[in-house]
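Engineer: Before we start, here is the structure in question, set down as structure tokens.
The values are calculated or read from the model by the stated rules, or taken from the named source; none is laboratory data. None of these values were measured; they are calculated from a predicted model. Every residue, glycine as well, gets a Cβ built from its backbone with ideal geometry; the counts of neighbours run over all protein chains shown. For the accessible areas, the whole protein counts, side chains as well, though only heavy atoms, and no ligand, DNA or RNA atoms are used. Shrake-Rupley method; radii C 1.70, N 1.55, O 1.52, S 1.80 Å.
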Amino acid sequence: MPVLTKAPTLGDLLKFELSASYCRETVTLKAGTSYPLGAVLGRITASGKYRLSPAVAVVGDEGAETAIAVLLEAIDATAADKTGLIAARGPVILSKAALVFDASVDQAAEKTAKHTQLASLGLVARETA
């Protein structure tokens, strides 16, 4: 019998949100990548666009190294900038297992730092079902 796999859904990521009209915002995602649901994002200071939050500053994308949002939908922005829906402020509880980090965020301490940055905005990542 074939094994069926299902892509993650918003319910897998978002466990609690006080009010969608307060906690969410629409932003511009920088072109060049396909952003998965649950992507941990930072904002580029110069352009105001969002991208996956790297472990350290990237030349040309300064500011994005600070995690400030989580993407609430999968967006393919490989060819051009796209608009996406984010959790920008809490109170929000997110599943730790559903968060997706930039490839440069590969150490436990780096992931903990991103969780702390998000928590300062009320976006709390927890071990949840």
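Engineer: Tell me what the chain gives for mean residue ellipticity at 222 nm when only DSSP H runs of n ≥ 4 count, each as -39,500 (n - 2.57), the sum divided by the residue total, rounded to 500 deg cm²/dmol.
Structural biologist: -4000 deg cm²/dmol
Engineer: A further question follows. Excluding residues on the same chain fewer than 8 positions from residue 30, give the lysines whose Cα lies under 25 Å from its Cα.
Structural biologist: 49, 82, 96, 111, 114
Engineer: Could you compute the net charge surrounding residue 34? Neighbours are other residues with a C-beta less than 11 Å from the C-beta of residue 34; K and R count +1, D and E count -1.
Structural biologist: Result for the local shell: 0.
Engineer: Quick check: convex hull over the Cα atoms of region 61-121, volume per residue in Å³, rounded to an integer?
Structural biologist: Each residue corresponds to 108 Å³ of Cα convex hull volume.
Engineer: So what's the gap between the Cα centers of region 62-110 and region 3-28, to the nearest angstrom?
Structural biologist: 12
Engineer: Which peptide among 40-46, 75-81, 28-34 comes first, and what is the full order, when sorted by highest mean count of other Cβ atoms within 10 Å?
Structural biologist: Those peptides, ordered most packed to least, come out 40-46, 28-34, 75-81.
Engineer: Give the calculated FRET efficiency between residue 19 and residue 46 to the nearest 0.05, with a Förster radius of 35 Å applied to their Cβ-Cβ distance.
Structural biologist: After rounding, the FRET efficiency stands at 0.65.
Engineer: Got a number for carbon plus sulfur as a percent of the chain's accessible area, 1.4 Å probe?
Structural biologist: Carbon-and-sulfur percentage of accessible area, whole number: 57.
Engineer: Given a 1.4 Å probe and the protein chains all in place, what does the accessible area of residue 59 round to, in Å² to the nearest 10?
Structural biologist: Here the accessible area works out near 140 Å².
Engineer: Here is a follow-up. How many percent of DSSP beta bridges within region 16-129 run antiparallel, rounded to 5?
Structural biologist: 75
Engineer: Hey, another quick one. May I ask you to rank 101, 16 by accessible area, largest first, using a 1.4 Å probe over the protein chains only?
Structural biologist: These residues rank, largest area first, as 16, 101.
Engineer: Ignoring ligands, DNA and RNA, what accessible area per residue does region 82-129 give at 1.4 Å, in Å²?
Structural biologist: For region 82-129, the per-residue accessible area is 51 Å².
Engineer: Can I ask one more? Over 10 Å intervals from 0, what percent of Cα-Cα pairs in the chain sits in each interval?
Structural biologist: 14, 46, 32, 7, 1, 0
Engineer: Moving to a separate point now. Radius of gyration and Dmax for region 46-90's Cα atoms, expressed in Å?
Structural biologist: Calculated on Cα positions, Rg and Dmax stand at 11.1, 31 Å.
Engineer: Using a 1.4 angstrom probe and counting only protein chains, how large is the accessible area of residue 50 in Å², to 10?
Structural biologist: 20
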